[in-house]
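Here's the structure, in structure tokens; my notes come after.
Since every read-out is calculated from the coordinates, none of them should be taken as a lab result. Being a predicted model, the structure only gives us computed values, none of them experimental. With ideal geometry, Cβ positions are generated from the backbone for all residues, glycine too; neighbour counts draw on all protein chains shown.
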Ligand SMILES: Nc1ncnc2c1ncn2[C@@H]1O[C@H](COP(=O)(O)OP(=O)(O)OP(=O)(O)O)[C@@H](O)[C@H]1O
């Protein structure tokens, strides 16, 4: 019975000098790679069976000889193995290299040896020896004689592209098209609801970013479709591999623009066998709090500025012994006592001494107030025969005193403070004096108004200023208990999935959350049965090993501050595009965002658009030049086969025309269709969406392919065919730059076809 597992096998592979893939060569390269893939799949299947049996056995023997935590940890450990092996089955083998010394290696999604005879079958794409596969060129061969790219479905090798690197004459290399065939095949594949990884076709300029050092802040600037998201996720997988000891404990935080986007990218890391990452949006950065509302851009921009920190500090101070002047204390069964203003100020000063946050300073305040009360009592009745500590305890239990504590130094919740601040005009004006009326009107709102994304960094800041409230301890314990139950349920689901899996299914879908092998040790050490990622997710004060921000051009200074709090070493990768900044009409610069808070950062640019065909990019660039006349000619990896279509319609028929164009796109393309339109147009798509949803519900998986959203929702997404509905716009000079950039974002979403349905002047 084999005893190996991917983790252990992996370390063997890293010591390997070469793999002989030439023994008993089948006749053609495709047949040769098919034989290799069959063998690799057999080994994976065997390991999978073994791990499933372990999982089943562990689940079937409740705590025999093990305490509950140990059992949970083992269950999760085996569940992770099972899921890791399952997800690895897709696109397992994609490359090979032949070195100058004659060594031949196969490169794949994970490192694997045959557990029976120890033969190395696959090298993990992230291992140092695999690097040249991505970066070698005929001019810089990096010790390689030849490279082989392999494309396959789960079980079948579909093509093999051999690329000689050692050639006497560079003209012998063959044409670029055949060299790039694997890349072109990857770019032309129909898109689905989920992003795929690019592990088989990473390009040289992308590889340099992916394998860049962990330390420091790296900005990756690139136009639409240049692979920023893909590279950021591959980089997360690479860093988790290369710095496993550190990062599997500290976890990588990935911030994406919205929930749909997180869903879109959610399969990439699991498909690469990695799970030590937490995915959030700016709206869900603070555990337990979610922003659900929107607000005017000028209000959001104001809240994003760093000067708001001073206002928040002031707002908290305003709760500490708020009204000067005399207070009457009416203790039960005793004469009322007068607490004069000067005395209360003394108490406040003592409460505020040191740097203790507000809630945490409450005991200090209580102690100072009780001291004053005792002094007054002594003055009135002479010194008492009771011990001071007894008198303090007595007074502290008096309801009138407790009421006074709560009135003069209330325990505060950050969300309540934000709600109060932006709904109570008196509090608001005290915190933000002399605001322009328009801004004041945009910021003030009813107390029951939902939180907005720009409120979340304020909640985070306030949580720091307020400190822990001891009262939620019980709630946290309950949450930990329910997390454990979820773990067990999750492991059972994995088992069910394995049992139900159709043996002939060509694609095993990747689970959203798996547990890394190395997390086992941490679980045991932590003793609470949760993975580091799970613990990080529920802990606002978690310090992450690395932070990745996608669409980072939309990061406000306050959000950046909240992210730096989560990673004070500033080990961060920020990917984005200044030209896709739409939060305000101002121009975005990386220096403007970073310089005030990140003393040193570096920038790399990505230049080739792998998504949008050249002929569509030219139309989109015409729109971009409305705001940036000097925008350079775009470079697309493909020119594409379909000219963009522009349909002019009456404003009243915009929705109807968009729906017709979407129906046509669904009929002529086999992949996904995105309709990007203002909210007012979405209603016209209702029927088409219902039709698609009904077909999908009836089991026609191929029909779950229509998406409808606004340009802001579409950020970061892509579709095979896109319909952009453009409402009538004012004279072009009057169109705001953010509006042009939103349109630019929308026009750059297609991988193949674009239809613009427009109700006004030509946009290009
Ligand atoms: N090396 C590559 N091999 C195969 N596909 C790639 C490669 N690089 C990028 N792609 C594909 O190109 C498309 C665009 O990539 P991605 O979404 O990462 O771009 P982006 O720069 O984040 O775009 P945007 O800023 O417009 O959101 C994706 O389908 C991605 O898988």
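Key figures
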read-out	value
Packing-based order for 623-633, 259-269, 383-393, using average beta carbon neighbours within 10 Å, highest first	259-269, 623-633, 383-393
Nitroxide proxy distance, nm - points 7 Å out along Cα→Cβ at residue 192 and residue 349	6.9 nm
Relative exposure of 367, 145, judged by other C-beta atoms within 10 Å (fewest first)	367, 145
Two-decimal ratio, the stretch 626-666, of alpha-carbon radius of gyration to 2.2 N^0.38 Å	1.69
For the stretch 563-630, projected area of the alpha-carbon convex hull averaged over all directions, nm²	6.2 nm²
Cα-based Kirkwood hydrodynamic radius, the stretch 640-764, one decimal, Å	14.6 Å
Debye intensity ratio I(q)/I(0), log10, the stretch 571-675, q values 0.10, 0.18, 0.19 Å⁻¹ (C-alpha model)	-0.46, -1.12, -1.17
Calculated diffusion of the stretch 104-161, Stokes-Einstein form, Kirkwood radius summed over Cα pairs, 25 °C and 0.890 mPa s, µm²/s	193 µm²/s
Spatial separation of Cα centroids for the stretch 292-354 and the stretch 123-165, in angstrom	64 Å
Tail weight of P(r) past 22 Å, computed on alpha-carbon pairs of the stretch 385-468, percent	45 percent
Förster-model FRET efficiency, 60 Å R0, residue 761 and residue 35, C-beta, rounded to 0.05	0.50
Average projected area [Cα convex hull, the stretch 537-596], square nanometres	4.4 nm²
Part-to-part distance (alpha-carbon centres) for the stretch 590-640 and the stretch 91-122, which is given in Å	37 Å
Histogram of C-alpha separations across the stretch 336-450, 5 Å bin width, %	2, 9, 16, 16, 15, 12, 10, 8, 5, 3, 2, 1, 0
Hull-based mean projected area of the stretch 261-370, where the convex hull spans the alpha carbons, in square nanometres	12.6 nm²
